[in-house]
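The values are calculated or read from the model by the stated rules, or taken from the named source; none is laboratory data. Model, not experiment: these values are computed from the prediction. Neighbour counts are summed over all protein chains in view; Cβ atoms, including those assigned to glycine, are modelled from backbone coordinates with ideal geometry. For accessibility, only protein heavy atoms count, side chains too; no ligands or nucleic acids. Shrake-Rupley method; radii C 1.70, N 1.55, O 1.52, S 1.80 Å.
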Amino acid sequence: MDGAATDMKNPLTLLIAILIALVLLAYMFCFQVRYDESAVRTTFNRATEADVIRTAGLGFKIPLVHRVYKYPRQNRTLEMVSEQNNTFDSVSVIVEAYLVWKIDDPLKYFNKLKNDARAEAALSQLMRQVPAIIGTYRFDQLVNTDPAQIRLEEIETLAGDAIRADLANYDYGIEVVQVGIRRILLPDASTKEVFNRMKSERQRMAQADLSRGEAEATRIRSEARSASERIMSFAQREASLIETRGKLQAAGLYAAYEKHQEFAIFLRELEALKAMLEKNTYLVLDANKLSPVNLFTTGPGALQGDEQ
Amino acid sequence: MSQSRNPFEHHHPHHHHDDDDHEAHAPLDPAQQSLADALRVSFLLLKVVMVVLVIFYLFSGVFSVETDHKAVLLRFGKLVQAYDENREPMGVRVFSSGVHLAMPLPIDEVIQIPTSRQTVTLNTQFYYQKPPGMEQRSHTELAAESDGMGGSLNPERDGSLLTGDANVVHARWTVSFELGDTAEDVENFVRNVGSIDRATKQLTIAAEQAAVHTVARFTADQIVQVSAAVGETMKPLLQELVDQRGMGMTILEVSINEPNFPITVTPSYNAVLDARSRSGTSINNARREYEQVMTEIAGSAYPALLELIDGYEAAVELGDDEAAADIEARLGEALRTRTVEHDGRVLEVGGLTAQYISEAIGARTQLVAAVEAELREFLGLLPYMQEDADLPIEQRRVDSEALPFRMHRLWADAKQTIFEGEDIELGFMPAGQVYLEMNRDPDVLRRREERRLQEEQEQRRRQRAGGF
C-alpha cells in the first residue's frame with residue numbers, strides 16, 4: 001500500500017497516467033477529417049452549415065450529443081442497368097451507361113439522402129434519361145466507319161447535361177462529373193440477323209477475292225506474252241538488220257569477180273553442185289559408163305543427162 | 001519514503017495512542033509483507049512495460065518507402081505540404097524511397113502508392129461466354145465445331161462490340177498504366193483516386209467506354225486483322241478520360257487480345273482468308289511465270305528493254321519522230337552490244353533475244369567470212385586459170401578433156417566429194433533398161449529422219465519462246 005501510494009506520486013508514472021487519460025479523452029472528444037472527406041457534425045441529428053467541415057484536420061465533438069457523418073469527396077462511379085431501346089431509325093440496341101459523381105454539398109446530401117444507397121437509387125432513376133436521348137439518334141450515329149458521323153460523345157454530353165438539370169430540381173448535394181457509354185449490345189434476335197448478313201458478306205468477299213486473283217493472274221500472263229512479243233519483235237528486226245548488213249558487205253566483195261565472171265561462175269557451180277548433192281540424193285549411173293574417166297564426162301553442164 | 005522535515009518545527013518522537021498511527025508504524029506480518037512486495041514488483045514491471053510501450057509508440061511513426069513506391073503523409077488527416085525556401089507551399093510533399101520520420105498514428109498516417117507498371121484487363125465485358133465444359137477450348141476449336149453453336153448472343157451473358165460497319169466482334173483488352181511522374185500527378189491521384197484498387201475499378205470502366213468509342217469507327221475486319229492500330233487509337237482516348245478526371249495516371253499501352261468474329265461467323269471469315277491466300281498464290285505464280293518468261297526472252301535486262309520500247313511507242317504515238325529515232329537507236333545499240341544501262345547499272349541482255357542477235361551476228365560473220373574465203377580461193381586460182389585464156393569457153397564446158405588441167409582437176413575433186421557423201425545412194429542402170437527397182441539405204445533414211453526431227457524440235461522451241 002505504501003509502495004502504491006509512493007508510485008503514484010512518482011512524476012513519471014503520473015505523466016504516463018495523464019497521457020493515457022488525454023488519449024482517452026481525445027478519442028472521446030475529437031475526430032479527424034481526412035483530406036478526401038467532408039464531415040457533418042450533427043447535434044441530436046440536426047446540422048446547419050456551420051456544422052459542415054470541409055477542410056482536413058481535427059474536429060471536436062461532445063459524446064452522446066454530437067454525431068459525425070463523414071462523406072468521401074472523391075469521384076465515384078455508378079453503372080446503369082441494361083436497357084433495350086430503339087434508335088431513331090428503329091434499330092434495337094441495348095445501351096449500358098455509367099456516370100461519375102461526387103458529393104459537392106455534404107449538408108444537403110445529409111439532409112436529403114444521408115447515405116450512398118439512397119444516392120445511387122436516386123441517380124439510377126435519373127439515368128433513365130440516357131435511353132431516351134439515344135432514341136433521338138440514328139444507328140449510324142452510334143457506329144460508323146466515318147468517325148465524323150459518330151455522335152457518341154455528343155450523346156454522353158447531352159445525357160450528362162440532362163441529368164444535371166434534373167438533379168438541380170432535387171438539390172441532393174451531388175455533382176455529376178461525367179456520363180459515359182460503356183457497352184452497346186444488340187438483342188438476341190438482332191444478332192442472328194447480323195450473323196447471317198456477316199456470313200453472306202464474307203462468302204461474297206471470298207468469291208470476289210478469288211475472281212480478283214484469277215483476273216490479275218490472267219492479266220500478268222497476258223502482259224508477259226505481250227512484253228515478250230514486243231521484245232522479240234525488236235530483236236528479230238535487229239537480227240534481220242545485222243544479216244542484211246552482212247549481205248551488203250558480202251555483196252561488196254563480189255565486185256572483185258566482175259572481171260573474171262566465167263571462172264567465178266564455174267567455181268560457184270561446182271560448190272552449188274556439191275551442196276545440192278550432199279543430202280537426200282539417189283544417183284543412177286549408166287552401167288556402160290562405169291569408167292571413172294567416163295563418169296560425168298561432159299562436165300557440169302552434162303550432169304542433167306546422167307543425174308536422177 | 002521519508003517525509004521532508006520543516007527545520008523550524010519541533011520534532012521529537014511522540015507516542016500517540018491513535019490506532020491509525022499505531023497501525024502505520026506497526027510492522028507487517030509476513031503475509032502482508034509478501035503482498036506488498038508483490039505489488040511493488042508488479043507496479044515496477046508495469047512501469048517498465050509502459051515506458052517501453054510509450055517509447056515504441058513514439059517511434060512507430062518511422063516508415064520506409066520501397067523503391068517502386070511513393071508516399072504522402074497525412075497529419076490529422078491533412079496532406080502534409082512541401083515548402084520552398086521562402087516557406088511558400090509547393091504542393092503535397094512526396095516521399096521517395098528510403099526511411100522517413102513521422103509521428104505515430106493517429107497523428108500521422110502514411111499512404112504508399114506503387115509507381116510500378118500496373119495492368120487492367122477487360123476479359124469478359126466484350127467476349128462471349130463459352131458453353132459449359134468448353135471453357136478451356138480455344139475460339140478456333142469452337143468455331144471449327146460450331147455446328148449451329150453461337151448462332152446468336154445473349155446480351156445478359158455474352159459481351160460483344162459493335163463495329164463501324166454494323167458488325168459484331170469479340171475482343172479482350174489489356175491496359176497498362178502507372179502513376180504520373182510529377183508531384184502534381186501524385187497529388188491528383190491521392191485526392192481523386194486514393195488507392196490502386198480504386199484506380200483499377202475506375203480505369204476499367206473508362207477503358208470500356210474508350211473501347212466502345214474506338215471500335216465504333218473501325219470495320220470488323222480491321223479490328224480482327226489490324227489490331228495494333230486499334231490499340232494505338234484507343235490509347236489517347238483513354239488518356240483523355242483519365243486526365244479529365246484528374247487521376248494523375250499515365251496510360252502506357254493499350255492492346256487488344258484475341259479479336260475474333262462470332263463463333264458461327266468465323267468459318268466464313270476463314271474462308272475469306274483462304275480465298276485471299278489462294279488469290280495471292282495465283283498472282284504470285286503468275287508473277288513468277290512472268291519473271292521466268294521475260295528472263296528466258298531477255299535475261300535480267302528485260303525491264304530496261306521494256307522501258308525503252310514503251311518510250312519508243314509513246315514517241316511514235318505522239319508523232320515525235322526525232323525522239324522515236326533516238327530511242328530506236330539506243331534500243332538497237334543495246335541489242336547489238338547485248339548490254340543496257342538502267343538506273344545507273346549496266347545490265348546484260350540474255351535469253352532468246354541475245355541468242356537471236358548472236359545468231360544473226362554469227363550468220364553475218366559466217367557469210368562474210370565464207371565470201372572472203374571464196375574470194376581468196378578465187379584470187380589464188382585466178383593466175384593459173386588466166387594461162388588458159390586462149391581456149392574458147394564452150395569447149396571448156398562441153399568437153400571435159402578440153403578443160404584446162406587445173407579446171408579439170410577442180411571438177412574431178414568435186415565429183416569425188418559428191419560420191420563420198422554419206423547421204424548419197426548410187427544405183428546402176430544396165431543398158432536398155434527403162435525401169436528401176438530401188439532399195440533405199442536404211443542408214444541414210446535414218447539419218448534423214450533424225451535430221452528432220454531435230455529441225456522440227458528447234459522450230460517448235462523457237463515458236464514456244466517467241467509466241468508466249
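So here's what we get for this one:
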read-out	value
Which numbered condition B:THR200 misses (of (1) modelled with pLDDT of 90 or more; (2) under 34 Å from the mean Cα position of the chain (by Cα); (3) open to solvent by less than 40 Å² (accessible area, probe 1.4 Å))	(3)
Residue within segment B:113-120 that is without any contact (Cβ under 8 Å) to a residue 60 or more places away in the chain and either in a helix (DSSP H, G or I) or within 30 Å of B:VAL169 (Cβ to Cβ) (or both) present	yes
Criterion violated by A:ASN169 - all others in (1) more than 8 Å from chain B (Cβ to nearest Cβ); (2) under 30 Å from B:ALA360 (Cβ atoms) satisfied	(2)
Residues of segment A:66-92 that turn out to be open to solvent by 20 Å² or more (accessible area, probe 1.4 Å), farther than 22 Å from B:GLN202 by Cα and polar (S, T, N, Q), as a count	5
Selection from segment B:315-369 of residues that are more than 19 Å from A:SER240 (Cα to Cα) and small (Gly, Ala, Ser)	B:ALA315, B:GLY319, B:ALA323, B:ALA324, B:GLY344
Helices (runs of 4 or more DSSP H) fully within segment B:175-274 counting 2 or more residues that are in contact with a strand residue (DSSP E or B) (Cβ under 7 Å, 6 or more places away or on another chain) and within 11 Å of chain A (Cβ to nearest Cβ)	B:183-192, B:196-215
Some residue of segment B:237-256 being crowded, with 23+ Cβ neighbours inside 10 Å, over 27 Å from the mean Cα position of the chain (by Cα) and under 22 Å from A:VAL143 (Cα atoms)	no
Residue in segment A:142-162 that is part of a helix (DSSP H, G or I), surrounded by fewer than 19 Cβ atoms within 10 Å (Cβ to Cβ), within 26 Å of the chain's Cα centre (by Cα) and among the charged types (D, E, K, R) present	yes
Search result, residues across segment B:387-444 that are in contact with a helix residue (DSSP H, G or I) (Cβ under 7 Å, 6 or more places away or on another chain), β-branched (Val, Ile, Thr) and at pLDDT 75 or above	B:THR417, B:ILE418, B:ILE424
Enumeration of residues in segment B:101-124 that are open to solvent by less than 30 Å² (accessible area, probe 1.4 Å) and either more than 29 Å from the chain's Cα centre (by Cα) or within 30 Å of A:ALA56 (Cβ to Cβ) (or both)	B:ALA102, B:PRO104, B:ASP108, B:ILE111, B:ILE113, B:PRO114, B:VAL120
Every pair of residues 6+ apart whose Cβ atoms lie under 9 Å, when the first sits in segment B:54-81 and is farther than 27 Å from A:ILE16 by Cβ while the second is assigned to a helix (DSSP H, G or I) and open to solvent by 70 Å² or more (accessible area, probe 1.4 Å)	B:LEU79/B:ARG191
Enumeration of residues in segment A:208-220 that are open to solvent by 50 Å² or more (accessible area, probe 1.4 Å) and either of a type in the set (A, V, I, L, M, F, W, C) or more than 7 Å from chain B (Cβ to nearest Cβ) (or both)	A:SER211, A:ALA215, A:THR218, A:ARG219
Restricting segment A:195-206 to residues that are within 7 Å of chain B (Cβ to nearest Cβ) and surrounded by fewer than 20 Cβ atoms within 10 Å (Cβ to Cβ), the residue that is farthest from B:ASP274 (Cα to Cα)	A:LYS199
A:THR55 being free of Cβ contacts under 8 Å to residues at least 24 places away in the same chain and β-branched (Val, Ile, Thr)	yes
Cross-chain or 6+ apart pairs with Cβ under 6 Å, segment B:295-311 first and under 16 Å from A:ARG225 (Cα atoms), then of a type in the set (Gly, Ala, Ser)	B:GLU296/B:GLY351; B:ILE297/A:SER228; B:ILE297/B:GLY351; B:ALA298/B:GLY351; B:GLY299/B:GLY350; B:GLY299/B:GLY351; B:LEU305/B:ALA298; B:LEU306/A:ALA227
Any hit, segment A:93-107, residues being in a helix (DSSP H, G or I) and either farther than 19 Å from B:ILE205 by Cα or not β-branched (Val, Ile, Thr) (or both)	yes
Residues within segment B:29-71 that are open to solvent by less than 90 Å² (accessible area, probe 1.4 Å) and farther than 23 Å from B:PRO104 by Cα, tallied	12
Test for A:LEU283: is it out of contact with any helix residue (DSSP H, G or I) (no Cβ under 7 Å at 6 or more places or on another chain), of a type outside the set (Val, Ile, Thr) and open to solvent by less than 20 Å² (accessible area, probe 1.4 Å)	yes
Filtered residues of segment B:314-362 (kept if within 13 Å of chain A (Cβ to nearest Cβ), in contact (Cβ under 8 Å) with a residue 40 or more places away in the chain and of a type outside the set (Val, Ile, Thr))	B:GLY350, B:GLY351, B:LEU352, B:ALA354
